[in-house]
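Here is the structure we will look at, set down as structure tokens.
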Amino acid sequence: PRSKDELYQLADTFNRMLERIQTGLEQQKRFAADASHELRTPITVIGGYADMLDRWGKNDPVTLNEGISAIKSETQNMHNLIEKLLYLARMDSGAIHLQRDEFDTKPLLEELAKETKLIAPEHTIILGDNPAALILADAQSIKQMLRIFLENALKYTPRKGTITISAVKELNWLRIHIKDTGIGIAPQDQNKIFDRFYRVDKSRSKDTGGAGLGLAIAQWITRMHSGRIELESELNVGTTIIVSLPLLK
């Protein structure tokens, strides 16, 4: 009714509640389907190689080595996926308790830059401006979150590409920049990359892999620290992730 009385408000509230429940059910169904699909792939590969080795491959050293290597690789992929699924489950149930302490991010970024140089010698890793900055946070979670962004930058940046890590203090915020010269993200994908299991087509290739869960975890960690994530990307130019965290007053 035009009067929008109490009955109208009750009906409107009820309708919005039903919409949220419906959205939650659809997300749950999609999550279960995606998780099943991601687990089915490595299990199928492992089973296929195991059958091949059992039938005739164990007598052929080349085939034997190929099978063992593939099984080990897919087992590791499945292990990583299950670890992320368990982390997401703990996130949703509220079972993860962050230990917030005061710490300086300057040594953390220096450590991450050093680690990245060691694991990615084919890339150019640059540590730019990195002022001392005190935040109140769970240091391990912040490191995990930044590692996720760095891993993605490495995946989608060709050999000899450049990844730059830097930070700047602006008013009450520490803004950490992770910039790469990679393939970039199409505009239509940019607002979806933090959805669970969402991956652009190129990331489904065997070269990059991944299940599309890391960025969802990174976003949750950032939100739990009252932070925000900004994305700047251009196809065939590169991507910049900007993580803003509140500075300790």
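The values are calculated or read from the model by the stated rules, or taken from the named source; none is laboratory data. As the structure is a prediction and not an experimental result, all values here were calculated from the model. Glycine gets a Cβ as well: all are built from the backbone with ideal geometry, and neighbour counts include every protein chain shown. Ligands, DNA and RNA are excluded from the accessible area calculation, which covers all protein heavy atoms including side chains. Shrake-Rupley method; radii C 1.70, N 1.55, O 1.52, S 1.80 Å.
In this label model, Thr75 and Glu234 are separated by 4.7 nm, measuring between points 7 Å along each Cα→Cβ vector.
Electrostatic bookkeeping for Gln99 treats Lys and Arg as +1 and Asp and Glu as -1; over the other residues with beta carbon under 14 Å from its beta carbon, the sum is -1. Seen through its C-alpha gyration tensor, with square-root eigenvalues sorted a ≥ b ≥ c, segment 131-199 comes out prolate because a/c lies at 1.5 or above while a/b is bigger than b/c.
Would you calculate the volume per residue, in Å³, of the smallest convex hull containing every Cα atom of segment 56-148? Write down the numbers at each step before the final one.
Values: hull volume 12.1 nm³, N = 93.
That works out to 130 Å³ per residue.
Among the chymotrypsin sites (Phe, Trp or Tyr not before Pro) in segment 1-107, those placed in a DSSP loop whose Cβ has at most 16 other Cβ atoms within 10 Å are Trp56.
Are there any trypsin sites (Lys or Arg not before Pro) in segment 70-109 that are in a DSSP loop and have at most 15 other Cβ atoms within 10 Å? List them by number. Each step should come with its number before you reach the end.
Numbers: sites: Lys72, Lys84, Arg90, Arg100; in loops: Arg100.
For trypsin sites (Lys or Arg not before Pro) across segment 70-109 that sit outside H, G, I, E and B with at most 15 neighbouring Cβ atoms in 10 Å, the list reads Arg100.
Rg over Rh for the chain works out to 1.06, both radii taken from alpha-carbon positions and Rh defined as the Kirkwood radius.
Taking the chain as a Gaussian network of alpha-carbon nodes connected by springs under 10 Å, the highest mean-square fluctuation of the residues Ile21, Ile148, Ile221 belongs to Ile21. Note on the chain: with a GNM built from Cα contacts shorter than 10 Å, the maximum mean-square fluctuation among Glu151, Glu111, Glu19 falls on Glu19. Start at zero, step by 5 Å, and the Cα-Cα distances of segment 1-111 spread as 2, 9, 10, 10, 10, 10, 9, 10, 9, 7, 5, 4, 2, 2, 1, 1, 0 percent across the bins. Across all Cα atoms of segment 3-48, the radius of gyration (one decimal) and Dmax (whole number) stand at 20.0, 67 Å.
Once neighbouring chains are kept in place and the probe is 1.4 Å, which whole percent of the accessible area of the chain is contributed by carbon and sulfur?
Values: 8250 of 15330 Å².
Of all accessible area on the chain, carbon and sulfur atoms account for 54 percent.
Given their separation in residues at 0.36 nm each and the Cα-Cα distance between them, Thr63 and Ala50 gain 3.6 nm when the chain is fully extended.
Measuring against 19 Å, Cα to Cα, the residue pairs Lys84/Lys143; Lys169/Lys249; Lys84/Lys117; Lys84/Lys179 contain Lys84/Lys117; Lys84/Lys179 as the ones spanning a longer distance.
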